[in-house]
Amino acid sequence: MAEIAHTMPSSVAFLDGSRFGVTRPGLQVTQYETGPFKSRDWFGHNVAEYNLKIGALDSSARADWDIFISQMAANGNIAWIVEPESRTHFDVICGPIADGSRSTFWVPNYGGTFSGQVFVDGVLVDSSTYSTTYYYFTNLITDSGATCSDYQEWDTPQGILNLADVSRCGLDGGDCIRIVPNGTALPSLRWASDINVTEGQEYTSMFAVRPTGSTTRQWYANIHWFNGGYYSRSDGTATNCPPGEWTILTCTATAPDATPNVTTARPGIIRNNTTALDHVYFDCAALNLGDYDRWHLPSLSPNAITFLSGSEPAAGARVTANFTGQRVARVRLDPRGLESRITSSGYAYPININATEIPEF
């Protein structure tokens, strides 16, 4: 299921004394005279637990923090945390449970090329069965493009009168861009810069749109392929987008064989109605590796691994990894205590934050 990853901002620093530990959900131990008896263990992996002490926040960091909290923590949504230190991790969960067709799984490593061991249901996987290229980012677009913070970074092939930046109303808590259709052609928008791709490799474009007006419109994501010049376009499924609500669009496609070779791509969106003049806001843009359908800010995104065609893990399998690096954890914050102390110097000191890793199923 497509998901927007709200990651704790890098401007929010963890202090000495922050606790990083693990727990085993579902584990119950009954004491007997002969010793403890493990009676129930419905989850076979350790999950991370955190008690985070946050440093002083200046006005800029406080704005980042407030956006982060308002977008996810107060609503009980999933958050992502990047641990501050590099260390060795074992048996760490990678992405959701396999469904038999999913090829790409996020690896919870940040800040460099992943180098480690990959397992499926505890069995070490031979490197010949997955891509030997580990991607530094799951999202291959830039930070400013991913956050839709500058309309000048986008092309308008047809059907659009103008674009405009809109502050602080995006799905990610930051800015977004408003599309004003011209009513003469299907409104179409795409990223203006080329992103390097490999022919025969699968990619996923991803956007969030929020129409205005009173009528549900259909939009779909797409990927534009280039081989020196424009070559072709792959379209996702047309999706009903109710007015006033954010809807996530995705398109997964394989870079086509062509002569000369397809070498670059640009993600985009298009509406299937020409004449409607309703404005629409869009945010959270991505071109992800493989069939990965999560949006991450590129500079805070985890690594990714893609299993080769025919080697996808079987339905119900769990992918895990051992690696050395900064761990990325998908967590839910304890909503109690999400508050700050203000000092006379104008700095804010958030109270300790508790978080528990939430594995994907």
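No value in this document is a laboratory result; all are computed from the given coordinates. Treat the numbers as computed from the prediction; the structure is a model and nothing was measured. Cβ sites come from the backbone with ideal geometry, for glycine too, and all protein chains shown count toward neighbours.
Within the listed set Ser60, Ser144, Ser234, the Gaussian network model of the chain (springs between alpha-carbon atoms below 10 Å) gives the highest mean-square fluctuation for Ser60.
Once R0 is set to 45 Å, what does the formula 1/(1 + (r/R0)^6) return for the Cβ-Cβ distance between Glu49 and Gln158, expressed as a FRET efficiency to the nearest 0.05? Mind showing how you got there, number by number?
Numbers: r = 51 Å, r/R0 = 1.14.
Once the sixth-power term is evaluated, E becomes 0.30.
Can you tell which of Asn139, His45, Leu287 lies farthest toward the positive end of the dipole of the chain, using +1 and -1 charges on the Cβ of basic and acidic side chains (Lys, Arg; Asp, Glu)? The residue sitting farthest along the positive end of the dipole is His45.
Using the Karplus relation 6.51 cos²θ - 1.76 cosθ + 1.60 with θ = phi - 60°, the per-residue 3J(HN,Hα) values for region 213-228 come to x, 10, 10, 5, 10, 9, 10, 8, 7, 8, 10, 9, 9, 10, 10, x Hz, with x marking Gly and Pro.
Radius of gyration over Kirkwood radius for region 143-291, both on Cα atoms: the Rg/Rh ratio is 0.96.
Near Ser232, the amide H atoms lying under 5 Å from its own belong to Trp225; only residues 5 or more places off or on other chains count, and H is placed 1.01 Å from N.
Counting only Cβ charges, +1 for Lys and Arg and -1 for Asp and Glu, the dipole size of region 143-291 around its Cα centre is about 460 debye.
Arrange Glu357, Glu245, Glu153 by Cβ neighbour counts within 10 Å, fewest through most, would you?
Going from sparsest to densest Cβ surroundings: Glu245, Glu153, Glu357.
First measure r as the distance between the Cβ atoms of Thr198 and Asp150, then evaluate 1/(1 + (r/R0)^6) with R0 = 25 Å and state the FRET efficiency to the nearest 0.05. Result of the calculation: an efficiency of 0.35. Place +1 on the Cβ of every Lys and Arg and -1 on the Cβ of every Asp and Glu in region 143-291, take the dipole about the Cα centre, and give the residue among Leu163, Trp191, Ala208 whose Cα lies farthest towards its positive end. Value computed over the given set: Leu163.
Using a simple spin-label model with pseudo-atoms 7 Å out from Cα toward Cβ, Thr274 and Ser311 lie 4.8 nm apart. On full extension, the segment bounded by Asn240 and Val123 gains 37.9 nm, given 0.36 nm per residue less the C-alpha separation. Taking a ≥ b ≥ c as the square roots of the eigenvalues of the alpha-carbon gyration tensor, region 203-258 is classed prolate because a/c is 1.5 or more and a/b outweighs b/c. Extending 7 Å from the Cα toward the beta-carbon at both Cys169 and Tyr230 defines two label points whose distance is 3.0 nm.
Entry note, the chain: the mean residue ellipticity at 222 nm calculated from DSSP H runs of n ≥ 4, each adding -39500 (n - 2.57), is -1000 deg cm²/dmol after division by the residues and rounding to the nearest 500. At 7 Å along the Cα-to-beta-carbon direction for both Thr264 and Thr88, put a label point, then send me their distance in nm to one decimal. It is 4.3 nm. The phi torsions of region 246-251, fed into the Karplus equation with coefficients 6.51, -1.76 and 1.60 and a -60° offset, translate into couplings of 7, 10, 8, 10, 9, 9 Hz, rounded to whole numbers, with Gly and Pro shown as x. Between Glu199 and any residue 5 or more places off or on another chain, the built amide H atoms are never under 5 Å apart.
A simple charge model with +1 on the Cβ of Lys and Arg, -1 on the Cβ of Asp and Glu and nothing else charged puts the dipole of region 265-336 at about 260 debye relative to its Cα centre.
With the cut-off at 1.5 for a/c, could you classify the chain from its C-alpha gyration tensor as rounded, prolate or oblate? Taking the square roots of the gyration eigenvalues as a ≥ b ≥ c, the chain is oblate. When each of the peptides 320-328, 103-111, 85-93, 200-208 is scored by the mean number of other C-beta atoms lying within 10 Å of its residues, the order from highest to lowest reads 103-111, 200-208, 320-328, 85-93.
Put simply, the amide H of Val107, placed in the peptide plane, has neighbours under 5 Å in Asn303, Ala304, Ile305, leaving out anything fewer than 5 places away on its chain.
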